[in-house]
Amino acid sequence: MTHRPPPSRYIGRFAPSPTGPLHAGSLVAAMGSYLDARAHGGLWLIRIEDLDPPREVPGARRAILEALRALGFEHDGAVELQSERGAHYARAFERLRALGLVYPCACTRREIADSALPGAGGAQRGRELVYPGTCRNGLPPGREPRAWRVRVGDATIAWRDRAAGARTERLAERVGDFVLRRADGLWAYQLAVVVDDALQQISDVVRGEDLIDSTARQVYLQRSLGFPTPRYLHLPLVLAGDGEKLSKQNGARAIDTARPLEALGQALAHLGVDPPAARSVADFWPAAVAAWRQSRWMR
Ligand code: GLU
(Lines give C-alpha, C1' and ligand atoms only; values in the text may rest on other atoms or scores of the structure.)
Protein backbone atom coordinates (compact mmCIF):
# COMPACT_ATOMS: atom_id res chain seq x y z
CA MET A 1 0.00 0.00 0.00
CA THR A 2 1.42 3.37 -0.99
CA HIS A 3 0.83 6.51 1.06
CA ARG A 4 0.57 9.53 -1.22
CA PRO A 5 0.10 13.08 0.09
CA PRO A 6 -2.72 15.34 -1.16
CA PRO A 7 -2.28 17.25 -4.43
CA SER A 8 -0.52 20.57 -3.79
CA ARG A 9 -3.19 22.77 -5.35
CA TYR A 10 -6.32 23.24 -3.22
CA ILE A 11 -9.37 21.67 -4.87
CA GLY A 12 -12.46 21.11 -2.74
CA ARG A 13 -15.86 19.72 -3.52
CA PHE A 14 -19.47 19.41 -2.42
CA ALA A 15 -20.93 16.01 -3.24
CA PRO A 16 -24.65 15.86 -2.48
CA SER A 17 -26.80 12.81 -3.12
CA PRO A 18 -30.00 13.84 -4.92
CA THR A 19 -32.25 12.22 -2.36
CA GLY A 20 -34.08 15.44 -1.49
CA PRO A 21 -33.74 19.23 -1.60
CA LEU A 22 -30.90 21.24 -0.04
CA HIS A 23 -31.72 21.38 3.69
CA ALA A 24 -30.09 22.90 6.77
CA GLY A 25 -27.68 19.95 7.10
CA SER A 26 -26.54 19.79 3.50
CA LEU A 27 -26.24 23.59 3.42
CA VAL A 28 -23.71 23.39 6.27
CA ALA A 29 -21.62 20.86 4.29
CA ALA A 30 -21.88 23.01 1.16
CA MET A 31 -20.90 26.14 3.08
CA GLY A 32 -18.00 24.60 4.98
CA SER A 33 -16.48 23.13 1.83
CA TYR A 34 -17.04 26.36 -0.11
CA LEU A 35 -15.62 28.73 2.50
CA ASP A 36 -12.63 26.50 3.11
CA ALA A 37 -11.87 26.35 -0.61
CA ARG A 38 -12.23 30.10 -1.10
CA ALA A 39 -10.29 30.90 2.08
CA HIS A 40 -7.41 28.83 0.66
CA GLY A 41 -7.68 30.46 -2.77
CA GLY A 42 -8.78 27.08 -4.14
CA LEU A 43 -11.33 25.66 -6.55
CA TRP A 44 -14.70 24.31 -5.48
CA LEU A 45 -16.36 21.56 -7.53
CA ILE A 46 -19.85 20.10 -7.36
CA ARG A 47 -20.37 16.39 -7.87
CA ILE A 48 -23.84 14.91 -7.80
CA GLU A 49 -23.70 11.47 -6.17
CA ASP A 50 -26.56 9.91 -8.11
CA LEU A 51 -25.29 6.36 -7.79
CA ASP A 52 -28.37 4.94 -6.17
CA PRO A 53 -31.46 5.34 -8.38
CA PRO A 54 -33.80 3.64 -5.87
CA ARG A 55 -33.04 6.38 -3.29
CA GLU A 56 -33.14 9.25 -5.75
CA VAL A 57 -35.96 11.80 -5.66
CA PRO A 58 -37.01 13.13 -9.08
CA GLY A 59 -36.15 16.81 -9.41
CA ALA A 60 -33.80 16.83 -6.40
CA ARG A 61 -30.68 17.40 -8.44
CA ARG A 62 -32.15 20.48 -10.06
CA ALA A 63 -33.55 21.74 -6.78
CA ILE A 64 -30.15 21.44 -5.06
CA LEU A 65 -28.32 23.22 -7.87
CA GLU A 66 -30.91 25.99 -8.05
CA ALA A 67 -30.82 26.52 -4.29
CA LEU A 68 -27.02 26.77 -4.34
CA ARG A 69 -27.20 29.32 -7.13
CA ALA A 70 -29.86 31.36 -5.33
CA LEU A 71 -27.65 31.40 -2.24
CA GLY A 72 -24.73 32.80 -4.21
CA PHE A 73 -22.46 29.74 -4.38
CA GLU A 74 -20.25 29.81 -7.47
CA HIS A 75 -18.75 26.51 -8.49
CA ASP A 76 -15.77 25.86 -10.73
CA GLY A 77 -15.89 23.60 -13.76
CA ALA A 78 -18.83 21.50 -14.89
CA VAL A 79 -21.08 19.65 -12.45
CA GLU A 80 -20.08 15.97 -12.55
CA LEU A 81 -22.66 13.19 -12.27
CA GLN A 82 -21.60 9.88 -10.77
CA SER A 83 -24.22 8.15 -12.91
CA GLU A 84 -22.04 8.95 -15.93
CA ARG A 85 -18.80 7.73 -14.41
CA GLY A 86 -19.38 3.99 -14.17
CA ALA A 87 -16.45 3.16 -16.48
CA HIS A 88 -14.05 4.76 -14.00
CA TYR A 89 -15.43 2.74 -11.10
CA ALA A 90 -15.24 -0.45 -13.17
CA ARG A 91 -11.57 0.21 -13.94
CA ALA A 92 -10.68 0.74 -10.29
CA PHE A 93 -12.63 -2.38 -9.36
CA GLU A 94 -10.67 -4.41 -11.92
CA ARG A 95 -7.39 -3.08 -10.55
CA LEU A 96 -8.33 -4.16 -7.05
CA ARG A 97 -9.40 -7.50 -8.43
CA ALA A 98 -6.06 -7.93 -10.23
CA LEU A 99 -4.38 -7.31 -6.87
CA GLY A 100 -6.34 -10.24 -5.44
CA LEU A 101 -8.26 -7.95 -3.11
CA VAL A 102 -11.80 -8.59 -4.38
CA TYR A 103 -14.08 -11.60 -3.90
CA PRO A 104 -17.74 -12.42 -4.50
CA CYS A 105 -20.08 -12.80 -1.56
CA ALA A 106 -23.34 -14.74 -1.45
CA CYS A 107 -24.56 -13.54 1.95
CA THR A 108 -27.89 -11.81 2.31
CA ARG A 109 -28.31 -8.90 4.70
CA ARG A 110 -30.25 -11.20 7.01
CA GLU A 111 -27.49 -13.80 7.10
CA ILE A 112 -24.91 -11.17 7.93
CA ALA A 113 -27.10 -9.66 10.65
CA ASP A 114 -27.56 -13.12 12.17
CA SER A 115 -23.87 -13.97 12.30
CA ALA A 116 -22.10 -10.62 12.57
CA LEU A 117 -20.64 -8.94 15.61
CA PRO A 118 -21.44 -5.26 16.07
CA GLY A 119 -18.61 -3.00 14.90
CA ALA A 120 -16.42 -1.03 17.24
CA GLY A 121 -17.27 2.26 15.56
CA GLY A 122 -20.15 4.03 13.95
CA ALA A 123 -21.52 5.83 17.00
CA GLN A 124 -23.34 8.43 14.91
CA ARG A 125 -25.48 6.20 12.78
CA GLY A 126 -25.82 3.19 15.00
CA ARG A 127 -23.24 0.49 14.95
CA GLU A 128 -22.27 -0.98 11.67
CA LEU A 129 -22.12 -4.72 11.36
CA VAL A 130 -18.75 -6.34 10.92
CA TYR A 131 -18.81 -8.73 7.98
CA PRO A 132 -17.88 -12.12 9.46
CA GLY A 133 -15.90 -13.27 6.42
CA THR A 134 -18.23 -16.12 5.43
CA CYS A 135 -17.35 -16.06 1.70
CA ARG A 136 -13.74 -14.88 2.02
CA ASN A 137 -12.27 -18.24 1.06
CA GLY A 138 -14.85 -19.13 -1.57
CA LEU A 139 -18.61 -19.26 -1.91
CA PRO A 140 -20.37 -21.96 0.08
CA PRO A 141 -21.45 -24.83 -2.22
CA GLY A 142 -24.53 -24.10 -4.29
CA ARG A 143 -24.55 -20.36 -3.58
CA GLU A 144 -24.49 -17.60 -6.21
CA PRO A 145 -22.43 -14.41 -5.97
CA ARG A 146 -24.43 -11.36 -4.94
CA ALA A 147 -22.12 -8.54 -3.88
CA TRP A 148 -18.37 -8.05 -4.31
CA ARG A 149 -16.22 -7.27 -1.31
CA VAL A 150 -12.70 -6.00 -0.74
CA ARG A 151 -10.40 -7.84 1.68
CA VAL A 152 -9.16 -5.64 4.47
CA GLY A 153 -6.82 -8.20 6.05
CA ASP A 154 -5.19 -6.73 9.14
CA ALA A 155 -4.98 -3.19 7.71
CA THR A 156 -4.71 -0.54 10.40
CA ILE A 157 -5.41 2.88 8.98
CA ALA A 158 -3.88 5.92 10.61
CA TRP A 159 -5.20 9.19 9.25
CA ARG A 160 -5.79 12.71 10.47
CA ASP A 161 -8.88 14.87 10.58
CA ARG A 162 -8.20 18.62 10.66
CA ALA A 163 -10.66 19.03 13.55
CA ALA A 164 -10.80 15.64 15.32
CA GLY A 165 -7.05 15.02 15.04
CA ALA A 166 -5.28 11.68 14.68
CA ARG A 167 -7.37 8.53 14.26
CA THR A 168 -6.23 4.94 14.04
CA GLU A 169 -8.68 2.27 12.97
CA ARG A 170 -8.36 -1.44 12.40
CA LEU A 171 -10.78 -2.14 9.57
CA ALA A 172 -11.27 -5.80 10.47
CA GLU A 173 -12.66 -4.72 13.85
CA ARG A 174 -14.84 -1.92 12.58
CA VAL A 175 -16.45 -3.17 9.39
CA GLY A 176 -14.52 -6.15 8.04
CA ASP A 177 -14.36 -6.79 4.30
CA PHE A 178 -16.69 -4.18 2.82
CA VAL A 179 -18.80 -3.99 -0.32
CA LEU A 180 -17.49 -2.43 -3.54
CA ARG A 181 -20.28 -3.59 -5.80
CA ARG A 182 -23.71 -4.19 -4.38
CA ALA A 183 -26.01 -7.15 -4.91
CA ASP A 184 -28.20 -4.95 -7.14
CA GLY A 185 -25.17 -4.30 -9.37
CA LEU A 186 -24.69 -0.70 -8.24
CA TRP A 187 -21.26 0.64 -7.31
CA ALA A 188 -20.84 1.26 -3.62
CA TYR A 189 -20.38 4.82 -2.38
CA GLN A 190 -16.99 3.95 -0.81
CA LEU A 191 -15.49 2.99 -4.16
CA ALA A 192 -17.07 5.77 -6.22
CA VAL A 193 -16.08 8.53 -3.82
CA VAL A 194 -12.45 7.42 -3.78
CA VAL A 195 -12.23 7.18 -7.55
CA ASP A 196 -13.85 10.57 -8.07
CA ASP A 197 -11.83 12.36 -5.40
CA ALA A 198 -8.66 11.04 -7.07
CA LEU A 199 -9.66 11.77 -10.68
CA GLN A 200 -10.88 15.26 -9.76
CA GLN A 201 -7.62 15.82 -7.86
CA ILE A 202 -9.43 16.78 -4.69
CA SER A 203 -6.92 18.00 -2.11
CA ASP A 204 -9.42 18.70 0.69
CA VAL A 205 -12.60 16.91 1.65
CA VAL A 206 -14.85 18.99 3.91
CA ARG A 207 -18.11 17.23 4.80
CA GLY A 208 -20.45 16.21 7.61
CA GLU A 209 -19.29 14.24 10.61
CA ASP A 210 -21.55 11.31 9.72
CA LEU A 211 -18.89 10.32 7.17
CA ILE A 212 -15.97 10.29 9.61
CA ASP A 213 -16.47 6.55 10.08
CA SER A 214 -16.23 5.96 6.32
CA THR A 215 -12.91 7.70 6.00
CA ALA A 216 -10.65 4.80 7.04
CA ARG A 217 -12.28 2.64 4.35
CA GLN A 218 -11.68 5.37 1.80
CA VAL A 219 -8.04 5.80 2.83
CA TYR A 220 -7.59 2.02 2.57
CA LEU A 221 -8.90 2.05 -1.02
CA GLN A 222 -6.75 5.08 -1.90
CA ARG A 223 -3.63 3.34 -0.66
CA SER A 224 -4.51 0.08 -2.40
CA LEU A 225 -5.08 1.91 -5.68
CA GLY A 226 -2.01 4.14 -5.31
CA PHE A 227 -4.15 7.30 -5.11
CA PRO A 228 -3.24 10.32 -2.97
CA THR A 229 -5.11 10.83 0.30
CA PRO A 230 -6.78 14.25 0.57
CA ARG A 231 -6.86 16.22 3.82
CA TYR A 232 -10.13 15.69 5.70
CA LEU A 233 -12.26 18.03 7.77
CA HIS A 234 -15.52 16.72 9.22
CA LEU A 235 -18.04 19.32 10.36
CA PRO A 236 -20.67 19.09 13.11
CA LEU A 237 -23.99 17.73 11.91
CA VAL A 238 -27.28 19.54 12.13
CA LEU A 239 -29.45 17.32 14.28
CA ALA A 240 -33.20 16.87 14.05
CA GLY A 241 -35.46 17.08 17.10
CA ASP A 242 -34.99 13.34 17.68
CA GLY A 243 -31.20 13.76 17.97
CA GLU A 244 -30.63 12.02 14.64
CA LYS A 245 -28.78 13.56 11.71
CA LEU A 246 -31.14 15.85 9.83
CA SER A 247 -32.19 14.01 6.69
CA LYS A 248 -35.02 13.65 4.28
CA GLN A 249 -36.19 10.68 6.33
CA ASN A 250 -36.85 12.78 9.43
CA GLY A 251 -38.46 15.61 7.57
CA ALA A 252 -35.64 18.03 6.78
CA ARG A 253 -37.25 21.01 5.13
CA ALA A 254 -35.92 22.60 1.96
CA ILE A 255 -33.94 25.79 2.52
CA ASP A 256 -36.09 28.85 1.92
CA THR A 257 -34.09 30.63 -0.76
CA ALA A 258 -36.49 33.58 -0.67
CA ARG A 259 -34.69 34.52 2.58
CA PRO A 260 -31.10 33.74 1.62
CA LEU A 261 -29.32 35.80 4.29
CA GLU A 262 -31.23 34.10 7.04
CA ALA A 263 -30.34 30.62 5.76
CA LEU A 264 -26.70 31.56 5.18
CA GLY A 265 -26.37 33.20 8.59
CA GLN A 266 -27.82 30.18 10.36
CA ALA A 267 -25.50 27.76 8.57
CA LEU A 268 -22.45 29.87 9.43
CA ALA A 269 -23.55 30.22 13.07
CA HIS A 270 -23.92 26.43 13.23
CA LEU A 271 -20.23 26.24 12.33
CA GLY A 272 -19.43 28.51 15.26
CA VAL A 273 -18.57 31.50 13.09
CA ASP A 274 -20.36 34.80 13.73
CA PRO A 275 -22.36 35.74 10.64
CA PRO A 276 -21.23 39.05 9.15
CA ALA A 277 -23.69 41.92 8.98
CA ALA A 278 -24.49 41.73 5.26
CA ARG A 279 -27.21 43.47 3.30
CA SER A 280 -27.06 41.16 0.32
CA VAL A 281 -25.82 37.72 -0.69
CA ALA A 282 -23.06 39.41 -2.67
CA ASP A 283 -21.90 41.16 0.54
CA PHE A 284 -22.19 38.03 2.64
CA TRP A 285 -19.65 35.82 0.90
CA PRO A 286 -16.46 37.91 1.01
CA ALA A 287 -17.16 38.73 4.66
CA ALA A 288 -17.84 35.06 5.44
CA VAL A 289 -14.58 34.01 3.75
CA ALA A 290 -12.70 36.56 5.87
CA ALA A 291 -14.45 35.28 9.02
CA TRP A 292 -13.61 31.66 8.10
CA ARG A 293 -9.94 32.59 7.77
CA GLN A 294 -9.96 33.77 11.38
CA SER A 295 -11.98 30.82 12.64
CA ARG A 296 -10.88 27.64 14.40
CA TRP A 297 -11.39 25.68 11.17
CA MET A 298 -8.31 27.27 9.64
CA ARG A 299 -6.06 26.57 12.63
N1 GLU B 1 -23.01 11.99 -1.13
C2 GLU B 1 -22.73 12.00 0.28
C3 GLU B 1 -23.91 12.58 1.03
O4 GLU B 1 -24.69 13.31 0.44
C5 GLU B 1 -21.51 12.82 0.62
C6 GLU B 1 -20.27 12.16 0.23
C7 GLU B 1 -18.98 12.85 0.61
O8 GLU B 1 -18.96 14.07 0.84
O9 GLU B 1 -17.98 12.15 0.64
O10 GLU B 1 -24.05 12.32 2.20
Would you please list the contacts, defined by Cβ atoms under 8 Å and residues six or more apart or on different chains, that run from a residue in the stretch 2-31 that is within 29 Å of LEU225 (Cα to Cα) and hydroxyl-bearing (Ser, Thr, Tyr) to a residue that is near the ligand (Cβ under 10 Å from one of its atoms) and not in a loop (DSSP other than H, G, I, E, B)?
SER17/ILE48
Scanning the stretch 139-152 residue by residue, the ones that are touching a residue at least 12 places away in the same chain (Cβ under 8 Å) and loosely packed, with under 12 Cβ neighbours inside 10 Å total 2
Looking at the stretch 230-264 only, could you name the residues that are out of contact with any Asp or Glu (no Cβ under 9 Å at 6 or more places or on another chain), surrounded by 19 or more Cβ atoms within 10 Å (Cβ to Cβ) and modelled with pLDDT of 95 or more?
ILE255, LEU264
Only one of LEU45, LEU22, LEU27, LEU51 is within 13 Å of the ligand (Cβ to nearest atom), open to solvent by 20 Å² or more (accessible area, probe 1.4 Å) and in contact with a helix residue (DSSP H, G or I) (Cβ under 6 Å, 6 or more places away or on another chain). Can you tell me which?
LEU51
Can you give me the ranges of the helices (runs of 4 or more DSSP H) entirely in the stretch 184-277 with at least 2 residues that are more than 13 Å from the chain's Cα centre (by Cα) and under 24 Å from ALA172 (Cα atoms)?
215-225
Residue check: is GLU56 open to solvent by 50 Å² or more (accessible area, probe 1.4 Å) and within 25 Å of GLU244 (Cα to Cα)?
yes
Criterion first (away from the ligand (no atom under 13 Å from the Cβ) and part of a helix (DSSP H, G or I)) does ALA290 satisfy it?
yes
For the stretch 265-288, how many residues meet the condition of being crowded, with 18+ Cβ neighbours inside 10 Å and of a type in the set (Val, Ile, Thr)?
1
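Got at least one residue in the stretch 60-77 being among the hydrophobic types (A, V, I, L, M, F, W, C) and either loosely packed, with under 15 Cβ neighbours inside 10 Å or closer than 16 Å to ASP197 by Cβ (or both)?
Checked against the condition, which is being among the hydrophobic types (A, V, I, L, M, F, W, C) and either loosely packed, with under 15 Cβ neighbours inside 10 Å or closer than 16 Å to ASP197 by Cβ (or both), the stretch 60-77 yields no hits at all.
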Search the stretch 279-295 for residues being closer than 28 Å to ALA240 by Cβ and free of Cβ contacts under 8 Å to residues at least 40 places away in the same chain, and hand back the single one that is farthest from the chain's Cα centre (by Cα).
ALA291
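Restricting the search to the stretch 128-150, which residues are of a type in the set (A, V, I, L, M, F, W, C) and in contact with a Phe, Trp or Tyr (Cβ under 9 Å, 6 or more places away or on another chain)?
Matches in the stretch 128-150: CYS135, LEU139, TRP148, VAL150.
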Considering only residues that are open to solvent by less than 20 Å² (accessible area, probe 1.4 Å) and more than 13 Å from the ligand (Cβ to nearest atom), look in the stretch 186-221 and name the one that is farthest from ALA90 (Cα to Cα).
SER203
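Matching residues to (1) over 16 Å from the mean Cα position of the chain (by Cα); (2) of a type in the set (Val, Ile, Thr); (3) modelled with pLDDT under 95; (4) closer than 19 Å to ARG299 by Cα:
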site	(1), (2), (3), (4)
ARG9	yes, no, no, yes
ALA24	yes, no, no, no
ALA29	no, no, no, yes
GLY32	no, no, no, yes
Does GLN249 count as free of Cβ contacts under 8 Å to residues at least 12 places away in the same chain and within 16 Å of the ligand (Cβ to nearest atom)?
yes
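The values are calculated or read from the model by the stated rules, or taken from the named source; none is laboratory data. Note that the structure is predicted; figures quoted are calculated from it, not measured. Cβ atoms come from the backbone with ideal geometry, glycine included; neighbour counts cover every protein chain shown. Calculation scope for accessible area: heavy atoms of the full protein, side chains included, ligands and nucleic acids excluded. Shrake-Rupley method; radii C 1.70, N 1.55, O 1.52, S 1.80 Å.
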